[in-house]
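Heads up, the thing below is written out as structure tokens.
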Amino acid sequence: MADRVRTYPGTRKPTPHQGHGKRNCVKVLERLSAYLDDELSGVICKEIRAHLGDCPNCEVFLDSLRQTVQLCRHRPSPPLSQDDRANLRRQILKAAATA
């Protein structure tokens with residue numbers, strides 16, 4: 001999978017790592033958007049930071065997500081209802097899980 005991850009200037013290339021099962025990474029990846037938006041409790045944020053410190057692949061994904069958020073902030077977007085946002089988030093997570 002590391003071969004398929006696109007890296008951007010200023011981001012690290014993913015590397016194999018030990019100590020994290022795929023399930024742990026998926027759990028963190030599912031929460032990264034809420035983590036960036038400061039929507040999680042302090043305990044969960046601490047767990048995510050600990051995971052990121054030990055998981056280069058998730059750190060690369062977080063860097064990419066931050067850059068994507070920055071790019072999107074500079075583009076006008078139509079307002080979405082809470083239901084639309086929830087549906088969109090579910091669809092993205094579903095697509096990411098099957099990729």
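Remarks
- Failed item in (1) in a helix (DSSP H, G or I); (2) farther than 18 Å from G21 by Cβ; (3) of a type in the set (D, E), with D38 passing the rest: (1)
- Subset of region 45-82 [surrounded by fewer than 15 Cβ atoms within 10 Å (Cβ to Cβ), touching a helix residue (DSSP H, G or I) at 6+ places or on another chain (Cβ under 8 Å), among the hydrophobic types (A, V, I, L, M, F, W, C) and in a helix (DSSP H, G or I)]: V69
- Taking first residues from region 38-67 that are farther than 18 Å from A96 by Cα and partners that are modelled with pLDDT of 90 or more and surrounded by 15 or more Cβ atoms within 10 Å (Cβ to Cβ), the Cβ contacts under 6 Å between residues at least 6 apart in sequence or on separate chains come to I48/V28; I48/Y35; H51/V28; L52/C58; L52/E59.
- Some residue of region 92-99 being closer than 18 Å to R23 by Cβ, of a type in the set (S, T, Y) and without any contact (Cβ under 8 Å) to a residue 12 or more places away in the chain: yes
The values are calculated or read from the model by the stated rules, or taken from the named source; none is laboratory data. Because the structure is a prediction, the values reported are computed rather than measured. Reconstructed Cβ throughout: ideal geometry from the backbone, glycine too, with neighbour counts over all protein chains shown.
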